[in-house]
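S.K.: Dropping a structure here in structure tokens format, bear with me for questions.
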Amino acid sequence: MVATVYSAGVFGLEPYIVELQADILDGKAGVDIVGLPDAAVSESRQRVIAALKNAGFALPPKHVIINLAPADIRKEGAMYDLPMLTAFLISMGRLRESELALNVSRCVFIGELSLSGQVRRVNGVLPMVIKAAQSGFETIFVPAENALEAAVVEGINIYPVADVAEMLSILRGGSDAQPVANVGRLFMDDADDGLDFSQVSGLFAAKRALEIAAAGCHNVLMIGPPGTGKSMLAMRIPSILPKMTFEEAVETTAVYSVAGQLNEDNRLITVRPFRAPHHTISQAGLTGGSSIPRPGEISLANNGVLFLDELAEYDRRTLDVLRQPLESGHITIGRASGTATYPCKIMLVCATNPCPCGYYGSKGGKCTCAPGVPEKYISRISGPLLDRIDIHVDVPAVDFETLRSKRKEESSAEIRERVERARAVQAKRFEGTGITCNARMDSRTMDAACRLTPGAEKLLREMFDRTHMSARAYNRVLKVARTCADMTTDDPFSELTEEHIAEAVALHTREMKYWTPSDKGTGMVR
Ligand SMILES: Nc1ncnc2c1ncn2[C@@H]1O[C@H](COP(=O)(O)OP(=O)(O)OP(=O)(O)O)[C@@H](O)[C@H]1O
Ligand SMILES: [Mg+2]
């Protein structure tokens, strides 16, 4: 008889339901798998046969054919072992649907098998369980090791199984195993990693700049001599960003699930990710890739921070690939096996020294670089990338008194409260537009959102002429000014004042001492 069993797969971050059919035909004994299987699926033939034998089932001396549909999706991974084995047993008449406690046509099976019949963990379980629930299935069998990530999904009975015997016993109603309790929102607590802004002494201007950046999700570049706290500040940015929503947590966890980077403790990622890839990272490592697409660092940072430390050391061509995804919030990777899309809604945080010795432009004239070297060093940073950075932060050396002072620094929680208030104003303004923050405003939205008082208009005109502002720089100043305004008012369409424009221009021009006029063309204010 033809047995039909359901499973699920995921390509990129897109899950889909797979239908497996098994039939026993007359002819040469053996097992055939059809439906565009890749090498991993063909290998499952061996594992399923061994697992069946070890579970005490003799193979019939017949020709067994297993078909995976839809045929036009290239299936990868070993998650089809468990459904294949189930389809096999039904087609052999060893599992009679009429005698089962569960309706197999309402079940989804996911899991790799070991030769002895253990069910092993697979990648991408979270998006697959979401898909099964959305498609109206009643029950899903997942590997026991994937239970925690699956348990956040509501609306479907989830049975984690450790081996074939356990699955068969649940199917037959001979087990008192219960589906896992849904734990969804229980895990939305903000795990404390111990990193807090209160640990950073002084640097008030830099902290204010980072607060504005967090409030509008603006990308930032920190410049300063060695050891002044740039990396320290960057690592603490997630602690001042708004707390993750449940939906953001599920989306980020799904990326980690597909990438195979969830460990047992990582049931649901509830803290914004902070990814800091080394400057030797390859293009594929940063944006995702390999012959079968996998999420890269930019997607692993989704809903969090991507930190590029020592920005001038990165390969320009590697960084240039970030341009488009930084604007769109997603990245599409084309490969022979298909095109995968991953989210990458990130806040980009970069840090650099101003020159190879690190002290160019700092107090006391300590720079030991030969003339021309600092300019050359800083100009290694890709212009188009700089174009996408709204805020430049000066991080000067902190003096002895500040480091020794017993002054209580403001905590991340206090800063986050103001950031969340500013985000609430943005949410009101952008309701129904799909725009999430000021940094992502398009020019049409800006027309309505960035109206100026007459005084602000006059100041902006003056600054525009004096600093030879490019059109791009002009837009960035307006976006940042809008964020400065959102931190002081509840009115989402309030006019921007001189104060807001002045602060935004300062946040953009403070670092110009490091660039020479010959670097023109990057669209920066000079
Ligand atoms: N403002 C500060 N308050 C308290 N400690 C600080 C401060 N700045 C630096 N430190 C101390 O100095 C160490 C080095 O700082 P950090 O690594 O952030 O420097 P950096 O600016 O990233 O330097 P580099 O340019 O060499 O990467 C920190 O781990 C911290 O212990
Ligand atoms: Mg550093």
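The values are calculated or read from the model by the stated rules, or taken from the named source; none is laboratory data. As the structure is a computational prediction, the values presented were derived from the model and not from experiment. Cβ sites come from the backbone with ideal geometry, for glycine too, and all protein chains shown count toward neighbours. For accessibility, only protein heavy atoms count, side chains too; no ligands or nucleic acids. Shrake-Rupley method; radii C 1.70, N 1.55, O 1.52, S 1.80 Å.
S.K.: Once you sort the root eigenvalues of the Cα gyration tensor of the stretch 55-136 as a ≥ b ≥ c, which label holds: rounded (a/c under 1.5), prolate (a/b larger than b/c) or oblate (the other case)?
M.R.: Numbers: a/c = 1.56, a/b = 1.35, b/c = 1.15.
Prolate, since a/c reaches 1.5 and a/b exceeds b/c.
S.K.: Return the subset of Lys207/Lys376; Lys53/Lys75; Lys366/Lys458 for which the Cα-Cα distance in this structure is over 32 Å, preserving the input order. Display every interim value, and only then the final one.
M.R.: On the way: Lys207/Lys376 29 Å; Lys53/Lys75 25 Å; Lys366/Lys458 40 Å.
Over 32 Å Cα-Cα: Lys366/Lys458.
S.K.: Which whole-number percent of Cα pairs in the stretch 197-519 have a distance greater than 34 Å? Walk me through the numbers on the way to the answer.
M.R.: On the way: 12072 of 52003 pairs.
The share of Cα pairs beyond 34 Å in the stretch 197-519 comes to 23 percent.
S.K.: Return the percentage of antiparallel bridges among DSSP beta bridges fully within the stretch 262-379, rounded to the nearest 5 %. Intermediate values should be presented prior to the final figure.
M.R.: Details: 7 of 13 bridges.
Here the share of antiparallel DSSP bridges comes out near 55 percent.
S.K.: Then there is this: Taking Cα atoms, how many degrees apart are the long axis of helix 454-466 and the longest axis of the chain, rounded to 10 and kept between 0 and 90?
M.R.: 90 degrees
S.K.: Non-local amide H neighbours of Tyr80 (under 5 Å, H modeled in plane, Pro and chain starts lacking H): which ones?
M.R.: Correct list: Gly111.
S.K.: According to the square roots a ≥ b ≥ c of the eigenvalues of the Cα gyration tensor, what is the shape class of the stretch 334-479, taking rounded for a/c under 1.5, prolate for a/b larger than b/c otherwise, and oblate for the remainder?
M.R.: Rounded, because the longest to shortest axis ratio a/c is under 1.5.
S.K.: Let me check something: with ligands and nucleic acids excluded, how do Lys243, Lys62 order by accessible area (1.4 Å probe), largest to smallest?
M.R.: Details: Lys243 115, Lys62 75 Å².
From most accessible down to least: Lys243, Lys62.
S.K.: Another question, then. Could you run the Karplus curve 6.51 cos²θ - 1.76 cosθ + 1.60 with θ = phi - 60° over the stretch 89-103 and give me ³J(HN,Hα) per residue in whole Hz, x for Gly and Pro?
M.R.: Computed from phi, the couplings for the stretch 89-103 are 5, 5, 5, 7, x, 8, 10, 8, 4, 5, 9, 8, 7, 10, 7 Hz.
S.K.: Still on this model: Give the percent of DSSP beta bridges with both residues in the chain that are antiparallel, rounded to the nearest 5.
M.R.: Working: 26 of 56 bridges.
About 45 percent, rounded to the nearest 5.
S.K.: Per residue of the chain, what 222 nm ellipticity follows from adding -39500 (n - 2.57) for every DSSP H run with n ≥ 4, rounded to the nearest 500?
M.R.: Numbers: 20 runs with 184 residues, N = 526.
Roughly -10000 deg cm²/dmol at 222 nm, from the helical runs in the chain.
S.K.: Kindly rank 219-226, 108-115, 84-91, 22-29 from highest to lowest mean number of other beta carbons found within 10 Å of each residue.
M.R.: Working: 219-226: 22.0, 108-115: 23.8, 84-91: 25.5, 22-29: 12.9.
Output ranking for 219-226, 108-115, 84-91, 22-29: 84-91, 108-115, 219-226, 22-29.
S.K.: Another question about this same structure. Cβ neighbours within 10 Å, averaged per peptide: list 427-434, 52-59, 125-132, 393-400 in order, most packed at the top. Write out the running numbers ahead of the final one.
M.R.: On the way: 427-434: 12.1, 52-59: 14.8, 125-132: 26.6, 393-400: 17.8.
Answer by packing, highest mean first, reads 125-132, 393-400, 52-59, 427-434.
S.K.: Once you have a ≥ b ≥ c as the square roots of the Cα gyration tensor eigenvalues for the stretch 419-464, tell me rounded if a/c is under 1.5, and otherwise prolate or oblate according to whether a/b is larger than b/c.
M.R.: Values: a/c = 2.62, a/b = 1.93, b/c = 1.36.
Here the stretch 419-464 falls in the prolate category.
S.K.: Okay, moving on. Taking only protein heavy atoms into account and a 1.4 Å probe, give the accessible area per residue of the chain in Å². Could the numbers behind the result be given before it?
M.R.: Values: 22400 Å² over 526 residues.
Ligands and nucleic acids excluded, the figure is 43 Å² per residue.
S.K.: Once phi is turned into θ = phi - 60°, what whole-Hz ³J(HN,Hα) does the Karplus curve with 6.51, -1.76 and 1.60 give for every residue of the stretch 65-72, x standing for Gly and Pro?
M.R.: Working through the residues one at a time gives 10, 10, 10, 10, 10, x, 6, 7 Hz.
S.K.: Same structure again: When only the heavy atoms of the protein chains count and the probe is 1.4 Å, how do Ser328, Ser116 rank by accessible area, highest first? Present the calculation step by step, with values, prior to reporting the outcome.
M.R.: Values: Ser328 50, Ser116 75 Å².
Most to least solvent-accessible, the answer reads Ser116, Ser328.
S.K.: What is the sum of charges around Val480, taking Lys and Arg as +1, Asp and Glu as -1, for the other residues whose C-beta is under 10 Å from the C-beta of Val480?
M.R.: On the way: positive: Arg476, Lys479, Arg482; negative: Asp390, Glu503.
That sum, taken over residues with Cβ under 10 Å, equals +1.
S.K.: Roughly speaking, to the nearest percent, how much of the stretch 57-162's 1.4 Å accessible area is carbon and sulfur?
M.R.: Numbers: 1790 of 3760 Å².
Answer for the stretch 57-162 is 48 percent, counting heavy atoms of protein chains only.
S.K.: Still on this structure: Take the alpha-carbon centre of the stretch 100-116, take the same for the stretch 1-69, and report the distance between them in whole Å.
M.R.: So the separation of the two Cα centres works out to 12 Å.
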